[in-house]
Structures are given as structure tokens and as C-alpha cells.
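What follows is a single structure, written as C-alpha cells, with notes after it.
The values are calculated or read from the model by the stated rules, or taken from the named source; none is laboratory data. Quick caveat: nothing in here was measured; it's all calculated off a predicted structure. As a convention, Cβ positions derive from the backbone with ideal geometry for all residues, glycine included, and neighbour counts pool all protein chains shown.
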Ligand SMILES: [Zn+2]
């Protein structure tokens, strides 16, 4: 996480709220390297070449001599004291003595963060910042999670969240496995602990082990790398039934219900993923997404939860990252687009659970999946997810965050572009 602060001169940012013009938004994107311009770097340590090297969490742009300077420094000191947040402070205008004065004031207050004298305001221009003070909060990868006035409450809130260690629940797997063994339908089941899951299957023990390492661990590691800091706070069983007969019979026997899908499903209340593994590992990857979304983004709307889940039901690893591939849901969305049955993204994003899982559920899944696929292909999906999490209070549907990450003022135009993109895809 990184915050970069700059002080330009006007106080327009204090009006708060995102600008209507989204062409300059860095939300969900990597902030450009901060350039060393104007006079020398005045902060402690070596001259940083960029945000990545600096590992700042907040980049603040401000303007020398602005009325809010005292208030801004109070804020920066508070972040530093409470959260140990790393700040890169870019100051436009002023004199050498003036900028030295800021550095001296910070030191006096026990804070040492680099202050860049951006005399000609090149960084502000580069970042498209027109009002100061203006701050960017970045995650470990340099992705912008928040942008706006550093006085907005969401900065404090998100810094607190990111600075907190993710909860690592201590769970008693031994006891869980002992209890589980009493519930097994017969002796042909093997139990393999693959944290945070316990995998249970009625194929040969080696096969169950291979699925636990090769599919479950593989997907969990890649998904955590891309999206999820926190583990589920309870143990989740992954039942891998070897064929349809076993799946149908044992789902009734163990859980008292008949499956409504031939592939498998996640039951949060039973803390279980229940799979007919004969249909392949795709559904398993899909369902693994859901408990992680629940642990990391509890208020995630269904459209994104299912968009991500279904994106990874056909996936591969490339350069250590998980990547969704085209799959069987493509013809459905292509037909819906041709027949003009797809929703606008404003509609899709604001669907309730009942609406999403109601009529046209297949089109909703496919539309959400291929929006995620589009974002992935543009290198924006992870950034979008993290920016959505950071802005969830202000934008619970994710639509405004989507618009900003895409840098589209006109979403109708985007929908036409996206539609062309999807219609041109071929499996
Ligand atoms: Zn799902």
C-alpha cells in the first residue's frame, strides 16, 4: 500500500467527490513513476526513482504556501503515527527554503518521509491533478486504490484496513478431521488436509491427494496472489465425489438435499464445496473463489462474485498469475448481444441477488464473466477488484469504480466497444 501526496495550490479538492472527467483517473491502475524534477530530492534516504522503489503507500501532491498545509501535515503525521504509513510528498512551487521548511517541520514532529520539490508541477500534470492537496493510496503493487482529497474519511479507513495484519485464524484441523471421519459414508473415502480446506474424496487416495495439491492448492495459491489477503475464518470441506451417482447419493445422505446442478456447488451454511469431480476441475476452481470472496469482500455483489468464479472455471497459469480462458459461456452472451437481451452494465452492477439468480441467470453469469474477461485482457481486472474493495462504501455496486477504471465518461460507448469485443471472440 502506498500513499502519494501532492500540494498544488488551489483547494478545489476540498470540495471532495470524484471529478466528472474520468479520463485522468488512475483508479485500479499503476500510478506512473514519480519523476524527480525541479530541485533535488530533499527527503531522507536515497533519491527514489519511482513509487515502486520507494514503497510509499500514499503519494500526496500539495502546493507550497496553501492554506491547508498545516492541516495536511497533521494528517500525514497521524497516518504515520497510527499506521506506519509510508508517504511520498510532492510539493509544487515555493522556494528551496520553503520546501526545506516542510522537511524541518516534519522532522520536528517525528516524521521522515521524502518530500519532492516538483517546482514546475510536472508530476501534477503527469498525474492529471488539478486541485490540491490530492492523494493517491496505493497497494503493494503500486495499484491506485483511492484518489482524492487526503481529508476524505475513506483514506483513514482504508489505511487502517490495509495496515492491519490479515486475520490468521487458528483452526483445529486434527479435531475437524477426527469428527469428519465419523461422518464418512463408507471406508472408501480419503481425507487430505489442504489448508484452508479439507479435501474428501471417494476416488483412489493418490487421486484425491493429487486433486488436493494439483487443483485446490494450485487455485488457492494463485487466487490469493492476485486477490485475497485473508483466509476464511473456518474450515471448509471440499467433497469430491467420483461420479454422478456418488454425487447425487452422498449429497442427499450427508446434507439432506438433492443437488440442483450436475457439476457442484458451494454451501456457505454447510461450510462445504460439494462437487461431482467427474465433470472436471473447472467448477471446483469456480467454487473456491466464493469462500475467499466471502472472507475478503463480504458485501461483494453477486455479479462480481459470480463473474470472478465463472472466469476461473476455465483457467491456466501464466507467469505465475491465474488467467481465465474462453469457455462454454461465450455463445450464450454472444447470442444475447445479437438479440439485444444483455443488460446495460449499470443494470447488471445493481442487480440484487434475487435478480441476478432469477430469470436470465445464464446471461447474467456470462455477461459478468466476459466483463471480467475483458478487464483481464486489458490488464485492469485485479486493479478493478482492489479499487472496488477500497471504494465499496461510496460505490457499493462497483459501477462508478468500473467507469473510472475504464476511464470512460460515456458508458454507452463502452458497451458498444465491449459488445464488439465479445462478438469477435472465437473459441
Ligand atoms: Zn458461483
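Points worth noting:
- Cβ pairs under 8 Å, 6+ apart, first in segment 94-107 and in the same structural domain as residue 66 (by TED's automatic domain parsing), second part of a helix (DSSP H, G or I): 102/69; 102/73; 105/73; 106/73; 106/76; 106/77
- Hits in segment 95-105 (condition: in contact with a helix residue (DSSP H, G or I) (Cβ under 8 Å, 6 or more places away or on another chain) and surrounded by fewer than 22 Cβ atoms within 10 Å (Cβ to Cβ)): 105
- Being surrounded by fewer than 21 Cβ atoms within 10 Å (Cβ to Cβ), within 35 Å of the chain's Cα centre (by Cα), assigned by TED's automatic domain parsing to the domain that holds residue 148 and part of a helix (DSSP H, G or I) is a description that does not apply to residue 75.
- In the set (1) closer than 19 Å to residue 24 by Cα; (2) buried (at least 24 other Cβ atoms within 10 Å of the Cβ), residue 131 fails one condition alone, (2).
- From 260, 283, residue being surrounded by fewer than 23 Cβ atoms within 10 Å (Cβ to Cβ), without any contact (Cβ under 8 Å) to a residue 12 or more places away in the chain, within 13 Å of the ligand (Cβ to nearest atom) and at negative phi: 260
Table: residues versus (1) assigned by TED's automatic domain parsing to the domain that holds residue 214; (2) out of contact with any strand residue (DSSP E or B) (no Cβ under 8 Å at 6 or more places or on another chain); (3) closer than 25 Å to residue 226 by Cα.
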{"site": "333", "(1), (2), (3)": "no, yes, no"}
{"site": "358", "(1), (2), (3)": "no, yes, no"}
{"site": "373", "(1), (2), (3)": "no, no, yes"}
{"site": "391", "(1), (2), (3)": "no, no, yes"}
{"site": "399", "(1), (2), (3)": "no, yes, yes"}
{"site": "413", "(1), (2), (3)": "no, yes, no"}
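- Search result, residues across segment 192-211 that are surrounded by 18 or more Cβ atoms within 10 Å (Cβ to Cβ), within 26 Å of residue 169 (Cβ to Cβ) and more than 25 Å from the chain's Cα centre (by Cα): 192, 198, 199, 200, 201, 208, 211
- Residues of segment 289-310 satisfying the condition of being more than 10 Å from the ligand (Cβ to nearest atom) and in contact with a strand residue (DSSP E or B) (Cβ under 8 Å, 6 or more places away or on another chain): 291
- Whichever residue in segment 352-369 is assigned to a loop (DSSP other than H, G, I, E, B) and farther than 13 Å from residue 342 by Cβ and, among such residues, is nearest to the ligand (Cβ to nearest atom): 357
- Failed item, numbered, when residue 115 is tested on (1) touching a residue at least 60 places away in the same chain (Cβ under 8 Å); (2) farther than 30 Å from residue 396 by Cα; (3) surrounded by fewer than 21 Cβ atoms within 10 Å (Cβ to Cβ): (3)
- For segment 215-232, the criterion of being over 30 Å from residue 163 (Cα atoms) and in a helix (DSSP H, G or I) is met by at least one residue.
For every residue, the table says whether it meets (1) out of contact with any helix residue (DSSP H, G or I) (no Cβ under 8 Å at 6 or more places or on another chain); (2) assigned to a helix (DSSP H, G or I); (3) surrounded by fewer than 16 Cβ atoms within 10 Å (Cβ to Cβ).
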residue: 374; (1), (2), (3): no, yes, no
residue: 382; (1), (2), (3): no, yes, no
residue: 397; (1), (2), (3): no, no, no
residue: 403; (1), (2), (3): no, yes, no
residue: 412; (1), (2), (3): yes, yes, yes
residue: 419; (1), (2), (3): no, yes, no
residue: 426; (1), (2), (3): yes, no, yes
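A quick yes/no check of all residues on (1) in contact (Cβ under 8 Å) with a residue 40 or more places away in the chain; (2) out of contact with any helix residue (DSSP H, G or I) (no Cβ under 7 Å at 6 or more places or on another chain):
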site	(1), (2)
193	no, no
204	no, yes
236	yes, no
252	no, yes
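- Selection status of residue 326, away from the ligand (no atom under 16 Å from the Cβ) and either at pLDDT 95 or above or crowded, with 24+ Cβ neighbours inside 10 Å (or both): yes
- On the stretch given as segment 264-280, residues that are more than 12 Å from the ligand (Cβ to nearest atom) and at negative phi total 9.
- Within segment 305-321, residues that are over 10 Å from residue 282 (Cα atoms) sit with their Cβ atoms under 6 Å from residues that are within 9 Å of the ligand (Cβ to nearest atom), at 6+ positions apart or across chains, in these pairs: 306/365; 308/289.
Per-residue answers, yes or no, for (1) under 26 Å from residue 398 (Cα atoms); (2) assigned to a loop (DSSP other than H, G, I, E, B); (3) out of contact with any helix residue (DSSP H, G or I) (no Cβ under 7 Å at 6 or more places or on another chain); (4) not assigned by TED's automatic domain parsing to the domain that holds residue 404:
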position	(1), (2), (3), (4)
129	yes, yes, yes, yes
135	yes, no, no, yes
151	yes, yes, no, yes
155	yes, no, yes, yes
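- Flag if residue 24 is at pLDDT 75 or above and in contact with a helix residue (DSSP H, G or I) (Cβ under 8 Å, 6 or more places away or on another chain): yes
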